[in-house]
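Trainee: Okay, handing you the structure first.
Here, each number is a calculation from the coordinates, and none is a lab measurement. Just so it is clear, the model here is predicted, and its values are computed rather than measured. Please note: Cβ atoms are built from the backbone with ideal geometry, for glycine as well, and neighbour counts cover all protein chains shown.
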Amino acid sequence: MIPLTDEEKAVYEWQLWVRGFGEDGQTRLKNASALVSRVGGLGGPVALELAAAGIGRLVLAHGGDLRPSDLNRQVLMTHDWIGKPRIESAVQRLKAFNPRLEIEALPENISDANADALVAGVDIVFDCAPLFQERFAMNRACVAHRKPLVDAAMFEMEGQVTLIIPGETPCLACIYPESPPGWKRQFPVFGAVPCLAAAIAVMEGIKLLSGMGPSLAGKMLYYDTRTMRMRTLPLARRRDCAVCGET
Amino acid sequence: MRITVHLLGQLRHLAARDSVSIEVGEGATVRDVVMQVAAGYDEAFRAIVLDAQGALRPSLMVLHNDIPIDKASAPRLREGDQVTLLTAIAGG
């Protein structure tokens, strides 16, 4: 593994004090890579916090141009970028924040056509896409390549996060064998709600990558900011799962 | 007996309320409760909860007193039980 530089030790000094993390955990994080699917309201803060924590390489996938209605939640975007590719704004913001970060950016969303190649090239995947077909494509690729998947999602004032470890935990298709009817790409959202899911997802990823050990493998943390209630729900594998099942 | 059904995700949005309290007969199952709640709402709500054959949808997570249940197990309820209906969400 590539060791930490003196500059990195200075930048990450405060988190090196975290019990169970230290220089060993920071070095592991520096040598790790993550795919973040979309860098909007949820994936944006995921990418930002991974960059802040000192992950070595990010692969970002997000198509389309910035719209005014993105700006209540997409914290990697800037007002002067309306009408231009979202992915370019995200890369600029992340590089300004952490110039040591290596970024591979794709101006397209995850699909069955690109998921395998993208997932195969990273250590962990953060699923932040607003459509079930994108999430299911990533899940299938993660199961096929045995890559951990942090699945984070939100709706209105609620959010949820789980860690999928193929072969050990339920996969996304075990939890949701189908897309629910009526799901739309546009949904009610305050920006702070996906930020909360992003923070939980990133901490789960950091713990896994640094060797601290995950907490949400096989469990779903569900939060409701309307009532400020959190639940941690046990999840079960489906033996007949079309993606990871035995049949 | 009286059962409280908590609505989360799209169901809460469609119903415009957090929960409903319903009266069911002795021996009622979770599925009976879900069917009764769904009958009080429109087609968009029912389509998220039930499939075309009237079975609970695989994408619906059902909690009985905060514990996820196997929807095929049809556990029976007691006075004061809480049922939570949690829909699949994918907002990013």
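Trainee: Is it the case, given these coordinates, that A:V39 is under 20 Å from the mean Cα position of the chain (by Cα), β-branched (V, I, T), farther than 18 Å from A:V150 by Cβ and part of a loop (DSSP other than H, G, I, E, B)?
Mentor: no
Trainee: May I ask you to say which residue of A:P181, A:P194 is within 28 Å of A:R146 (Cα to Cα) and either in contact with a Pro (Cβ under 6 Å, 6 or more places away or on another chain) or within 11 Å of chain B (Cβ to nearest Cβ) (or both)?
Mentor: Among A:P181, A:P194, only A:P194 is within 28 Å of A:R146 (Cα to Cα) and either in contact with a Pro (Cβ under 6 Å, 6 or more places away or on another chain) or within 11 Å of chain B (Cβ to nearest Cβ) (or both).
Trainee: Right, something else. Of all residues in segment B:29-44, which are part of a loop (DSSP other than H, G, I, E, B) and either within 13 Å of chain A (Cβ to nearest Cβ) or closer than 19 Å to B:P68 by Cβ (or both)?
Mentor: Listed by number, the residues that qualify are B:Y41, B:D42.
Trainee: Does B:R17 meet the test of being without any contact (Cβ under 8 Å) to a residue 12 or more places away in the chain, within 12 Å of another protein chain (Cβ to nearest Cβ) and buried (at least 16 other Cβ atoms within 10 Å of the Cβ)?
Mentor: The answer is no for B:R17.
Trainee: Go through segment A:223-236 and count every residue that is outside any loop (DSSP other than H, G, I, E, B) and either crowded, with 21+ Cβ neighbours inside 10 Å or in contact (Cβ under 8 Å) with a residue 12 or more places away in the chain (or both).
Mentor: 5
Trainee: Could you tell me whether A:V161 is in a loop (DSSP other than H, G, I, E, B), surrounded by 15 or more Cβ atoms within 10 Å (Cβ to Cβ), within 14 Å of the chain's Cα centre (by Cα) and among the β-branched types (V, I, T)?
Mentor: Against the criterion (in a loop (DSSP other than H, G, I, E, B), surrounded by 15 or more Cβ atoms within 10 Å (Cβ to Cβ), within 14 Å of the chain's Cα centre (by Cα) and among the β-branched types (V, I, T)), A:V161 does not qualify.
Trainee: Only residues that are within 22 Å of B:G91 (Cβ to Cβ), without any contact (Cβ under 8 Å) to a residue 40 or more places away in the chain and loosely packed, with under 14 Cβ neighbours inside 10 Å: list them for segment A:68-97, please.
Mentor: A:P68, A:S69
Trainee: Specify the residue that is farthest from B:H64 (Cα to Cα); the eligible residues are those in segment A:199-244 that are of a type in the set (D, E) and within 14 Å of chain B (Cβ to nearest Cβ).
Mentor: A:D240
Trainee: Same structure again: Looking at segment A:137-158 only, could you name the residues that are of a type in the set (D, E) and under 13 Å from the mean Cα position of the chain (by Cα)?
Mentor: A:D151
Trainee: Related question: Conditions first: (1) over 13 Å from A:G182 (Cα atoms); (2) crowded, with 16+ Cβ neighbours inside 10 Å; (3) of a type in the set (A, V, I, L, M, F, W, C); (4) within 12 Å of chain A (Cβ to nearest Cβ). B:A52 passes all but one, so which condition is the exception?
Mentor: For B:A52, the exception is condition (2).
Trainee: Name the single residue, out of those in segment B:74-89 being in contact with a Gly (Cβ under 9 Å, 6 or more places away or on another chain) and closer than 29 Å to A:L172 by Cβ, that is farthest from the other protein chains (Cβ to nearest Cβ).
Mentor: Checking each candidate, the answer is B:L85.
Trainee: Let me ask something else about it. Identify all residues within segment A:3-22 that are part of a helix (DSSP H, G or I) and either more than 18 Å from A:N98 (Cβ to Cβ) or among the hydrophobic types (A, V, I, L, M, F, W, C) (or both); write none if there are none.
Mentor: Of everything in segment A:3-22, those that are part of a helix (DSSP H, G or I) and either more than 18 Å from A:N98 (Cβ to Cβ) or among the hydrophobic types (A, V, I, L, M, F, W, C) (or both) turn out to be A:A10, A:V11, A:W14, A:L16, A:G22.
Conditions (1) among the polar types (S, T, N, Q); (2) surrounded by fewer than 18 Cβ atoms within 10 Å (Cβ to Cβ); (3) not in a strand (DSSP E or B), marked per residue:
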{"site": "A:S179", "(1), (2), (3)": "yes, yes, yes"}
{"site": "A:R185", "(1), (2), (3)": "no, yes, yes"}
{"site": "A:P194", "(1), (2), (3)": "no, no, yes"}
{"site": "A:I200", "(1), (2), (3)": "no, no, yes"}
{"site": "A:G205", "(1), (2), (3)": "no, no, yes"}
{"site": "A:L221", "(1), (2), (3)": "no, no, no"}
{"site": "A:R238", "(1), (2), (3)": "no, no, yes"}
{"site": "A:A242", "(1), (2), (3)": "no, yes, yes"}
{"site": "A:E246", "(1), (2), (3)": "no, yes, yes"}
